[in-house]
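The values are calculated or read from the model by the stated rules, or taken from the named source; none is laboratory data. From a predicted model like this one, the values you see are computed outputs, not experimental measurements. Methodologically, a virtual Cβ is constructed for each residue, glycine included, from the backbone with ideal geometry; neighbour enumeration extends over all protein chains shown. What goes into the accessible areas is simple: the full protein's heavy atoms, side chains included, and nothing from ligands, DNA or RNA. Shrake-Rupley method; radii C 1.70, N 1.55, O 1.52, S 1.80 Å.
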Amino acid sequence: MKIYNSLTRKLELFAPLKKNKVKMYVCGITPYDTTHLGHAFTYVFFDTLVRYFRFKKYDVDYVQNVTDIDDDILKRAKKEKRDWRELGDFWTKNFLKDMESLNVLPPTHFVKATDSVALMIRIIRVLLDKRIAYEKEGNVYFDVGKFKDYGNLSRFTKKQMILISKERGADPSDPMKKDPLDFVLWQKFRLNEPSWDSPFGKGRPGWHIECSAMINQYLGEKIDIHGGGRDLIFPHHESEIAQSESYTGKRPFVKYWMHTSMLIYQGEKMSKSLGNLVMVGDLLKKYSANSIRFLLLSHHYRKPWELEEDELKNAEKLMKKIVREVNSNKRENHIDKKILKIFEKAMNNDFDIPKILFLFPKLLRLKDIYTLLYIMRILG
């Protein structure tokens, strides 16, 4: 089995840290709004990944988080005059309902950032003791100058990193920073915001430290696979590497980095900030869950693609044909081993699921419903 590693930018033979065991973490949602198809593209893919690993007899320990304390949640809660916890719980439940509708299995651990704050504080204390972090007027920053490999994942220039970090919520012009790229580990208490007690004063954690703490708490110091959307490579995953490896002293923190690509709609990346969203809940009113899942998996996880409604309509027609054939009961109960070999070869080549789905109409024509259903069950 070969997997494309975003860090090395190469296809690499998959060899987990421990035989027949896969430790995997995928960055989850920030629950302040509803689930769009871009979210679904990521989580349906990683769900299929987990299913295939289990089919191959791996024991998978899969952690997905919820960033339930974040600037975006607090801003939305203030705007809507709602409690930030209640807002986060509401949209988390909405997300889980959408994922269940798309037949996405629950991860081994589905965890909230706020449940790991104590560990975040311990990690920050260690980074301060090692002088890899510094404190300034109640804020604590990670000193990127102390981590020579900062930028290896994204491979951006420093100028590019400064611009992108500003676009994604950081403040490179913060006068308390030693370097524009230094990132916040702990931010000082602000009036009318939630806070926790810490040795550095009352406040709340920064974004990046949350995932490092949850990975450490649920999976340990080193993991096999870390996944998420491509837009998380910088600054989030870049910063995770720096703080995690600085904390534990063990490298690499992640053996294989995997990132799903962008979903394009109306000519631009589908995102909350642009408002060009297609909601999962709305699509489920018009199309079956199997059709939506088929559409998502028919695009390779590393290739950007544009949503076209005709693709969904064609997927719906195909699913209806499959249902009719299943209901006809005119099928032999045997698996075509040649097709199964093609299936495994495609999956072992960086999860080339579109190549497999391309065979579905052929299997229908051949009335090989048993093999078709067998593959569908593996893929979810």
Taking a ≥ b ≥ c as the square roots of the Cα gyration tensor eigenvalues, with a/c under 1.5 meaning rounded and otherwise prolate when a/b beats b/c, else oblate, which class fits the range 155-263? oblate
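Shape of the range 235-380 from its Cα gyration tensor (a ≥ b ≥ c, root eigenvalues): rounded if a/c is under 1.5, otherwise prolate when a/b > b/c, or oblate?
oblate
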Those GluC sites (Glu not before Pro) in the range 290-368 that DSSP places in a loop and that have at most 16 other beta carbons within 10 Å: Glu308, Glu332
If you place +1 on the Cβ of every Lys and Arg and -1 on the Cβ of every Asp and Glu, how big does the dipole about the Cα centre of the chain come out, in debye to the nearest 20? 1280 debye
Options Gly249, Val117, Thr30, ranked by Cα towards positive dipole end of the chain, top entry (Cβ charges): Gly249
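So what is the relative contact order for the chain, in percent, with contacts set as C-alpha pairs under 8 Å and at least six apart? Each step should come with its number before you reach the end.
Numbers: 593 pairs, mean separation 78.8, N = 380.
Relative contact order here is 21 percent.
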So how exposed is His299, as accessible area in Å² (1.4 Å probe, rounded to 10)? 40 Å²
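Using per-residue counts of other Cβ atoms within 10 Å, averaged over each peptide, order 43-54, 145-156 from highest down. Write down the numbers at each step before the final one.
Details: 43-54: 22.2, 145-156: 15.7.
With the highest mean Cβ count within 10 Å placed first, the list reads 43-54, 145-156.
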Along principal axes, Cα extents of the range 40-178, largest first, whole Å: 48, 44, 31
Using only alpha carbon pairs under 8 Å that are at least six residues apart, calculate the relative contact order of the range 4-74 and give it in whole percent. 45 percent
May I ask you to give the solvent-accessible area per residue for the chain, in square angstrom, as obtained with a 1.4 angstrom probe? 48 Å²
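Using only the Cα atoms of the range 202-320, what semi-axes does the equivalent ellipsoid have when each is the square root of 5 times a gyration tensor eigenvalue? Give whole Å, largest first. Mind showing how you got there, number by number?
Details: eigenvalues 248, 53, 35 Å².
In descending order the semi-axes read 35, 16, 13 Å.
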Efficiency of FRET from Cβ geometry, Glu12 and Lys303, R₀ 25 Å, rounded to 0.05: 0.85
Over 29 Å (Cα to Cα) - which of Lys159/Lys355; Lys23/Lys93; Lys269/Lys317; Lys321/Lys345; Lys269/Lys313; Lys10/Lys341 fall in this group: Lys159/Lys355
Quick one: check the C-alpha center-to-center distance for the range 71-96 versus the range 279-327, whole angstrom. 30 Å
State the percentage of accessible surface on the range 308-352 attributable to carbon and sulfur atoms; use a 1.4 Å probe and exclude ligands, DNA and RNA. 47 percent
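Return the calculated 222 nm mean residue ellipticity for the chain, to the nearest 500 deg cm²/dmol, obtained by summing -39500 (n - 2.57) across DSSP H runs with n ≥ 4 and dividing by the residue count. Before the final figure, lay out the partial values.
Values: 14 runs with 159 residues, N = 380.
Taken over the chain, the calculation gives -13000 deg cm²/dmol.
Report the net charge of residues surrounding Phe55, where surrounding means a beta-carbon distance below 10 angstrom and charges are Lys +1, Arg +1, Asp -1, Glu -1. If you can, show how the numbers build up before the last one.
Numbers: positive: Arg51, Arg54, Lys56, Lys57, Arg377; negative: Glu344.
That sum, taken over residues with Cβ under 10 Å, equals +4.
What percentage of the solvent-accessible surface of the range 1-152, computed with a 1.4 Å probe over protein heavy atoms, is contributed by carbon and sulfur atoms? Walk me through the numbers before you get to the answer.
Details: 3400 of 7090 Å².
Here it works out to 48 percent.
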Principal axes first, then extents: for the Cα atoms of the chain, list largest minus smallest coordinate on each axis, whole Å, largest first. 73, 47, 35
So what is the relative contact order of the range 210-318, in percent, for Cα pairs below 8 Å that sit 6 or more residues apart? 25 percent
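Go through Tyr32, Tyr256, Tyr374 and list them by solvent-accessible area, largest first, probe radius 1.4 Å.
Working: Tyr32 35, Tyr256 5, Tyr374 70 Å².
From most accessible down to least: Tyr374, Tyr32, Tyr256.
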When ranked by the protection proxy of mean other Cβ atoms within 10 Å per residue, highest first, what sequence do the peptides 242-251, 170-179 form? 242-251, 170-179
As a test of reading the structure, rank His109, His300, His237 by solvent-accessible area (1.4 Å probe, protein chains only), most first. His109, His300, His237
Give the lysines whose C-alpha is closer than 19 Å to that of Lys202, dropping any in the same chain fewer than 8 places away, or say none. Lys136, Lys188
P(r), alpha carbons of the range 71-114 - 10 Å bins starting at zero, rounded %: 25, 44, 27, 4
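Place a +1 charge on the Cβ of each Lys and Arg in the range 302-380 and a -1 charge on the Cβ of each Asp and Glu, then give the dipole magnitude about the Cα centre in debye, rounded to the nearest 20. Please report the intermediate quantities before stating the final value.
Working: 18 positive and 13 negative charges, 95 e Å.
The dipole magnitude comes to about 460 debye.
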Could you tell me the accessible area of Lys255 in Å² (1.4 Å probe, neighbours in place), rounded to the nearest ten? 70 Å²
Rounded, prolate or oblate: which fits the range 301-375, taking a ≥ b ≥ c as square roots of the Cα gyration tensor eigenvalues, rounded meaning a/c under 1.5, else prolate when a/b beats b/c? oblate
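Summing Lys, Arg as +1 and Asp, Glu as -1, what charge do residues with Cβ under 9 Å from the Cβ of Pro252 carry, Pro252 excluded? Let's see the in-between values first.
Values: positive: Lys222, Lys250, Arg251, Lys255; negative: Glu245.
Result for the neighbourhood of Pro252: +3.
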What figure, in Å² to the nearest 10, do you get for the accessible area of Trp196 with a 1.4 Å probe and non-protein molecules left out? 50 Å²
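Using DSSP to define loop residues, name the GluC sites (Glu not before Pro) in the range 103-210 whose beta-carbon has at most 14 other beta-carbon atoms within 10 Å. List each step's numbers first, then the result.
Values: sites: Glu135, Glu137, Glu167, Glu210; in loops: Glu137.
Sites meeting the loop and neighbour criteria: Glu137.
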Taking max minus min of the Cα coordinates of the range 267-345 on each principal axis, largest first, gives extents in Å of 50, 31, 17
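Counting only other residues whose beta carbon sits under 11 Å from that of Ala213, what net charge do I get with K and R as +1, D and E as -1? Before the final figure, lay out each step's value.
Numbers: positive: Arg122; negative: Asp115, Glu210, Glu240.
Cβ neighbours under 11 Å give a net charge of -2.
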